[in-house]
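To start, the structure under review is shown below, and the notes come after it.
The values are calculated or read from the model by the stated rules, or taken from the named source; none is laboratory data. Every value quoted in this text rests on a predicted model; they were computed, and no experiment measured them. Cβ coordinates were reconstructed from backbone atoms using ideal geometry, including for glycine residues, and neighbour counts include every protein chain displayed. When the accessible area is computed, the model is the full protein with side chains, heavy atoms only, and any ligands, DNA or RNA have been set aside. Shrake-Rupley method; radii C 1.70, N 1.55, O 1.52, S 1.80 Å.
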Amino acid sequence: MRKLIGAIVLLLTIVFVLTRMADIEQVVRTFQRGDARWLALAVLVHAVAVLNTGMMLQAVYRVLGMQEKIGRLTLVSLASSFFTVVTTSGAWGGLAIFIADGRKRGLPGARVAVAAALYYLYDFVSALVLVGLGLLVLFRRNRLGGGEVAAATILAVYAVVLAIWLYLGFRSPERLGSLLEWGGRQINRLLRPIVRKEYIDVSRARQVALDMGAGLSDARRSPEGMLLPIALGLSQKALMVSVLFLVFMAFRQGFSVGTLIAGFGLSYLFTVVTPTPAGIGFVEGLLTLGLNGLGVPLASAAVITLAYRGISLWLVLAYGMLAMRWIGAGPTPSPPAATPDEAATPQANLEQQ
């Protein structure tokens, strides 16, 4: 089964690359028009932002009682992004990569799922800070439209849904287990005519919820540890704004701080809330028009958008393709020996609260 899944992902990768060759060639031609020194510095700062993501994940894992190296989590994050885009599976595909890698390394699947959910929540919340500032810039320049407000609202709803899910796991694992069982039964009902069997084992839903509750109870014991992921989430967004600044410099285009923040906000917003994978073909047009509306000449806005997307999207996909191969290589390590605290059942941990 693992080989079959790997073959399917490889096939989807080939199809994705072949159907996007025109986009890739356009990005390459754009890079050739910019100042190589500024663009190289932008790529370097972007690499720091990628590593920052690994640090953020490590902080979240540590709060939940799991120890992982920054390098490994950085690779898993890149592979998750690549898998999500290539398979057009959304956040669920990315979550599957985290869980699959965690199981391979002997980590509890439910805790890894909680860690991934917390990571997405922190990412959304930190992004909403910059997006909010960007919308304020657009409003002050009379460029704020209903599309930006609607997309920001949807992003906020994503964050709220994640927060409610985690809150239920923390306060009432039994209720979350019942909700997961109900959701699993609905999915099975929809897919039964196609797959001819129960697609989801709903009998495990309650245990998964209890495991999630145990992981979240560990987080409650060290609330100060939850501040570091928030700070790292904000620093990652600041680094991406810096990448956009360096791209502006590479094409010798004037700018203001408000233009940079609004440009980053539009790019992030429509990368997440988009009808296409990672907003490919969608963000390019909207960001070009957005920068033009902020006073950047149309031709300059177009090349800046393509160069920025080349770094923030296509470079990530290139890294992710290599990361998928890297994290899948080598033997599966043996699960670590359980400590006395880890040996306790999730129900026992909940009773101690």
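Run Ser126 past the list (1) open to solvent by 20 Å² or more (accessible area, probe 1.4 Å); (2) not in a loop (DSSP other than H, G, I, E, B) and report the number of the one that doesn't hold.
Here Ser126 meets the rest and fails (1).
Among Gly285, Gly281, which is part of a loop (DSSP other than H, G, I, E, B) and surrounded by fewer than 18 Cβ atoms within 10 Å (Cβ to Cβ)?
Among Gly285, Gly281, only Gly281 is part of a loop (DSSP other than H, G, I, E, B) and surrounded by fewer than 18 Cβ atoms within 10 Å (Cβ to Cβ).
Which residue out of Arg72, Arg2, Arg29 is modelled with pLDDT of 85 or more, open to solvent by 30 Å² or more (accessible area, probe 1.4 Å) and among the basic types (Lys, Arg)?
Arg72 is the lone residue from the list that is modelled with pLDDT of 85 or more, open to solvent by 30 Å² or more (accessible area, probe 1.4 Å) and among the basic types (Lys, Arg).
Which condition number does Pro335 fail, the rest of (1) modelled with pLDDT of 90 or more; (2) touching a Gly at 6+ places or on another chain (Cβ under 7 Å); (3) open to solvent by 30 Å² or more (accessible area, probe 1.4 Å) being met?
Failing condition for Pro335: (1).
So is Val161 under 16 Å from the mean Cα position of the chain (by Cα) and more than 26 Å from Ala49 (Cα to Cα) or not?
When the stated conditions are applied, Val161 passes them.
Return the total of residues in the range 129-146 being surrounded by 14 or more Cβ atoms within 10 Å (Cβ to Cβ) and over 24 Å from Met226 (Cα atoms).
8
Could you check, for the range 173-187, whether at least one of its residues is modelled with pLDDT of 65 or more and within 17 Å of the chain's Cα centre (by Cα)?
No, that holds for no residue.
State yes or no: is Val17 under 24 Å from Ala100 (Cβ atoms), touching a helix residue (DSSP H, G or I) at 6+ places or on another chain (Cβ under 8 Å) and either at pLDDT 60 or above or not hydroxyl-bearing (Ser, Thr, Tyr) (or both)?
yes
Can you tell me which residues in the range 49-64 are more than 16 Å from the chain's Cα centre (by Cα) and buried (at least 20 other Cβ atoms within 10 Å of the Cβ)?
Result: Val63, Leu64.
Sort out which residues of the range 272-310 are over 18 Å from Phe83 (Cα atoms) and β-branched (Val, Ile, Thr), and write them in order of number.
If the condition is that a residue be over 18 Å from Phe83 (Cα atoms) and β-branched (Val, Ile, Thr), then Val283, Thr288, Val296, Val303, Ile304, Thr305 are the ones that fit.
Is at least one residue of the range 295-311 within 19 Å of Ala152 (Cβ to Cβ) and either surrounded by fewer than 17 Cβ atoms within 10 Å (Cβ to Cβ) or in contact (Cβ under 8 Å) with a residue 24 or more places away in the chain (or both)?
Within the range 295-311, not a single residue is within 19 Å of Ala152 (Cβ to Cβ) and either surrounded by fewer than 17 Cβ atoms within 10 Å (Cβ to Cβ) or in contact (Cβ under 8 Å) with a residue 24 or more places away in the chain (or both).
Considering Gly265, Gly293, which residue is out of contact with any helix residue (DSSP H, G or I) (no Cβ under 7 Å at 6 or more places or on another chain), small (Gly, Ala, Ser) and at pLDDT below 95?
Gly293
Please count how many residues of the range 237-261 are open to solvent by 30 Å² or more (accessible area, probe 1.4 Å) and either within 20 Å of Leu121 (Cα to Cα) or touching an Asp or Glu at 6+ places or on another chain (Cβ under 8 Å) (or both).
Summing the residues that are open to solvent by 30 Å² or more (accessible area, probe 1.4 Å) and either within 20 Å of Leu121 (Cα to Cα) or touching an Asp or Glu at 6+ places or on another chain (Cβ under 8 Å) (or both) in the range 237-261 gives 5.
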